[in-house]
1. Mind running the shape call on the chain? Use the C-alpha gyration tensor, a ≥ b ≥ c as the square roots of the eigenvalues: rounded below 1.5 for a/c, prolate if a/b tops b/c, oblate otherwise.
2. Exposure proxy check: VAL31, VAL74, VAL179, VAL19 ranked by fewest other beta carbons within 10 Å?
3. With respect to the cross-link table entries LYS66/LYS119; LYS38/LYS176; LYS38/LYS66; LYS54/LYS117; LYS41/LYS147; LYS117/LYS176, which display a Cα-Cα separation exceeding 28 Å?
4. Check which residues have an amide H placed less than 5 Å from LEU84's amide H, if you skip close sequence neighbours.
5. Restricting attention to segment 27-58, which trypsin sites (Lys or Arg not before Pro) occupy a DSSP loop and are surrounded by at most 14 other Cβ atoms within 10 Å?
6. So what's the convex hull volume per residue for the Cα atoms of segment 130-176, in Å³?
7. What FRET efficiency do you get for LYS54 and GLU157 if R0 is 35 Å and r is their Cβ-Cβ distance, rounded to the nearest 0.05?
8. Where does segment 5-60 land on Rg(C-alpha)/(2.2 N^0.38 Å)?
Amino acid sequence: MADLMTLRDAADVLGVDVVTLVHIIEVGDTVPTPPVPKDYKDIVFTADDIERFKTEVSRRRFLDFKSDYADVYVHDEGPGARGLEFGPGWLGILKEFCDSLREFQNAGYRARLRWGKEKFGALRLFTDHTSELAAYIGERRGIAYGKSLRTCQECGELARLRFGHSICLTLCDRHKHLVGEPNPERDGIILDVEAWSRKQREGEPG
Ligand SMILES: [Zn+2]
């Protein structure tokens, strides 16, 4: 049998932490060739697997996006700097948002993306822009937010917010297992946490 690499070694070679690597395997689209054991610490990889995982890690780091949109995405810097902290399924939404920032730039305005994250299954984008653009960019941000709640964060397919017992994420049928057992009191009932919270507050007596 060819040399097999352990989870720890594979994570080192790929330059990711073990948690990230296990997440990729849990997503289920990129998995090692040897059967995945129940105990994740016993996972092993072949040399070919490592090559496939390299491609997947680059995709999750948005490497192509970062070079194609270097004029619009100016990486956050300094202590506490943040990155693009969400799944690769939202790449299309990200590009669309940045295309509009680019249009503003071409018209002579300052409009850049600094960072973004997933929160309650939705995409939040943080920009640096001239104050005149606040309303326009707010509108684009709202569009991206709405689309993210209908787009699987892992693969970009049609999705909805999925509620587990400890986590909620926007996922398609194929990836809904990532939130674990659905929470029947919330799953399929709350589809936008922000809108739902607003309604709860409005519903409060006087
Ligand atoms: Zn999916």
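Readers should treat all values here as calculations from the given coordinates under stated rules, not as data from a laboratory. What you see is a predicted model; the values in this text were computed from it and never measured. So basically every Cβ, Gly included, is an ideal-geometry build from the backbone, and we count neighbours across all protein chains shown.
1. Details: a/c = 2.55, a/b = 1.32, b/c = 1.94.
Oblate shape, in that a/c is at least 1.5 and b/c is the bigger or equal ratio.
2. Values: VAL31 17, VAL74 14, VAL179 21, VAL19 8.
Ordered by Cβ neighbours within 10 Å, fewest first: VAL19, VAL74, VAL31, VAL179.
3. On the way: LYS66/LYS119 22 Å; LYS38/LYS176 20 Å; LYS38/LYS66 36 Å; LYS54/LYS117 23 Å; LYS41/LYS147 36 Å; LYS117/LYS176 19 Å.
From LYS66/LYS119; LYS38/LYS176; LYS38/LYS66; LYS54/LYS117; LYS41/LYS147; LYS117/LYS176, over 28 Å: LYS38/LYS66; LYS41/LYS147.
4. The answer is GLY116.
5. Details: sites: LYS38, LYS41, ARG52, LYS54; in loops: LYS38.
Hits after loop and neighbour filter: LYS38.
6. Working: hull volume 4.2 nm³, N = 47.
That works out to 89 Å³ per residue.
7. On the way: r = 24 Å, r/R0 = 0.68.
The pair LYS54/GLU157 has a calculated efficiency of 0.90.
8. Working: Rg = 9.8 Å, N = 56, 2.2 N^0.38 = 10.2 Å.
Scaled against compact globular proteins, the figure is 0.96.
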